[in-house]
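The values are calculated or read from the model by the stated rules, or taken from the named source; none is laboratory data. Please read these numbers as outputs of a predicted model, since none were measured by experiment. Don't worry about glycine lacking a Cβ; one is built from the backbone with ideal geometry, like all the others, and counts go over all protein chains shown.
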Amino acid sequence: MHYKQCIAYAVLLVLRALFSVSPSYIHPDEQLQSLQVVSQYVFGWKAELPWEYTVERPIRSLVPLLITTFLPMEFVKTVFGASVKPTIVFHVCRLWMLLLSLCVDYCIWLLFPPKTRVRALLGIGSTMMMLVYQTKTLSNSFEVILSLLAFVLFRRVSKKIQKEPSKTPSFDTIALCAVCTLGVFTRITFPAFLLPSALSALRTWRQCLRPQHLLWFCSKLIFICLLFTTAYLFIDSYVYGKPVFTVWNNLMYNSQTGNLAQHGLHARWTHLLINVPLLCGPILAQPSLWNPMRSAWWYLMVPIALLSVFPHQEARFLLPACVFFTAYAFSITHSKLLLVSSLIYHTFLSMFYGVLHQRGVVPTLSKLADYYSSCSPLSEPGSAMSMYFWRVYTPPTWMLKRTGHENVEVDTQHFVGYSRERMEEILFKKFISTQSSRPKTVLECPPFLFICPKVLLSNPEAWNLTLYDSVKIHYDLDDLDEVSLTDIIQHSGIGIYKPMTLEATSNTDGA
């Protein structure tokens, strides 16, 4: 790298670090399928586990979480103790993902030739995929790391076999099997991204090895993969407390359209025509990229073809393919127009999804945790507090820091997709039950709180509510069917409301 290129890379790393500590996040699974699960094992905090881990046949493996979540949480517990604030845990886990994202940079550096690797590294480093997605605790982000590591290891093994056909590499072979099996346990989509590099490596092995040696080598790979699979199965079965094969359960679940319909069905072309342009941006507007004679084309199109079989299609599902393909696109482009337009595009999306999108959820949970802890010592055994969330991401309730030894019991409910009329009816019934149980509590803060975007409740008095506290910055696009974009901008934030009938019981009103 030249001096200016080193400066550019350093700036991109600083930006990636800043995005990693932003409370904004892209998808509820960032916390629900990682921090929400592991926090109870490390800190003993109570949290509502996602259904993927509580059904009779769990569909999510806990093995990847040992790397992405358990390690940073154990570090926090060792350094700060078990009484640490959840926000510190949240930020340390994000910073850990930032460190893991450097594996992507290293793989890009190894996979591209010296003349183009810098352009590939700087180009992909400026995209939303690296600045935002790779700093989140998403299984998709970890899948990107594992897929590129597998790509590198396939190349290393192939080069060593080409150099010494009579001696197959042992360490690289074991590492390859460990990464591949871990990738499958991370997400069942992993083989789709692995297939192009695996077929390319197999072609090289066929050219260099005699048939009997090739058969022996492939048998050794399968045997080592089975050993790692057995180890991962043992870990999952031990933690779940029963024999469980999460990969198989996940595959069976996602093979049924009725199950996928609960998460949303999309057209088969959604991945190709919507999700790929969304993730990659204007850099795709190079005709030479779409030449099937280029190997990079297959690394994108094969996973798209395989994943498009499933009608539930989210952009993040394509991250492993799009990261590599976008890096390749940057490595071969010389068009300043495409480079500038890509920079503008990814800057805009990174600012929205990495800074503004759903930004208020984590600060809101932090405020609620403070209310909860301040009420607990002042309450009688059996006291109850209810928190209703409406039209926000599923709350990461692990951040309430409940240990189960407090006097106050917290009931959290999430009302997603509920109409105004239905929500108003539920609140009316809640007010009646709250009033009937009011004499048994001596809480200094309200026993019932209602949390929703402020733009949806411009007149809280009509719902017998008054503003108790708020978080100023919070944006999402899920409510455009009811409110205008102008209203969302003018009335951003999340409101924490209490019933007006309980106003006299609290002297801790917030702005």
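In this structure, does residue 321 turn out to be closer than 30 Å to residue 255 by Cα, of a type in the set (Gly, Ala, Ser) and either touching a residue at least 60 places away in the same chain (Cβ under 8 Å) or not in a helix (DSSP H, G or I) (or both)? Give the derivation first.
Details: closer than 30 Å to residue 255 by Cα: yes; of a type in the set (Gly, Ala, Ser): yes; either touching a residue at least 60 places away in the same chain (Cβ under 8 Å) or not in a helix (DSSP H, G or I) (or both): yes.
Yes: the conditions hold for residue 321.
Just for segment 233-254: of the residues that are touching a Pro at 6+ places or on another chain (Cβ under 9 Å) and within 18 Å of residue 178 (Cβ to Cβ), which one is surrounded by the most Cβ atoms within 10 Å (Cβ to Cβ)?
Looking at the filtered set, the residue picked out is 246.
Using beta carbons and a limit of 8 Å, which pairs, at least six apart or on different chains, have the first residue in segment 214-225 and in a helix (DSSP H, G or I) and the second one surrounded by fewer than 16 Cβ atoms within 10 Å (Cβ to Cβ)?
Pairs found: 214/206.
Are any residues in segment 86-101 in contact (Cβ under 8 Å) with a residue 40 or more places away in the chain and either of a type outside the set (D, E, K, R) or surrounded by fewer than 18 Cβ atoms within 10 Å (Cβ to Cβ) (or both), and if so, which ones? Spell out the reasoning first.
Kept after step one, since they are in contact (Cβ under 8 Å) with a residue 40 or more places away in the chain, are these residues of segment 86-101: 86-87, 89-91, 93-95, 97-98, 100-101.
Of everything in segment 86-101, those that are in contact (Cβ under 8 Å) with a residue 40 or more places away in the chain and either of a type outside the set (D, E, K, R) or surrounded by fewer than 18 Cβ atoms within 10 Å (Cβ to Cβ) (or both) turn out to be 86, 87, 89, 90, 91, 93, 95, 97, 98, 100, 101.
Hey, could you check segment 39-72 for residues that are in contact with a Leu (Cβ under 8 Å, 6 or more places away or on another chain) and under 15 Å from residue 91 (Cα atoms) and say which is surrounded by the most Cβ atoms within 10 Å (Cβ to Cβ)?
Checked segment 39-72; the qualifying residue surrounded by the most Cβ atoms within 10 Å (Cβ to Cβ) is 69.
How about segment 38-57: which of its residues are among the charged types (D, E, K, R), over 23 Å from residue 231 (Cα atoms) and not in a loop (DSSP other than H, G, I, E, B)?
First, pick out the residues of segment 38-57 that are among the charged types (D, E, K, R): 46, 48, 52, 56-57.
Still in the list and also over 23 Å from residue 231 (Cα atoms): 46, 48.
Residue satisfying the conditions is 46 alone.
Among the strands (runs of 3 or more DSSP E) contained in segment 415-508, which hold 2 or more residues that are surrounded by fewer than 17 Cβ atoms within 10 Å (Cβ to Cβ) and modelled with pLDDT under 85? Talk me through it step by step, then tell me what you get.
Working: elements: 448-453, 465-471, 494-499.
Fully inside segment 415-508 and qualifying: nothing.
Run down 284, 337, 318 and say which single residue is under 20 Å from residue 187 (Cβ atoms) and either among the aliphatic types (A, V, I, L, M) or at pLDDT 95 or above (or both). I'd like the intermediate steps shown before the answer.
Values: 284 fails: under 20 Å from residue 187 (Cβ atoms); 337 fails: under 20 Å from residue 187 (Cβ atoms).
None of the other options fit; the residue is 318.
Would you mind listing the helices (runs of 4 or more DSSP H) fully within segment 58-160 where at least 1 residues are among the aromatic types (Phe, Trp, Tyr)? If you could, list the steps in order and put the result at the bottom.
On the way: elements: 71-80, 86-111, 117-125, 128-131.
Result: 71-80, 86-111.
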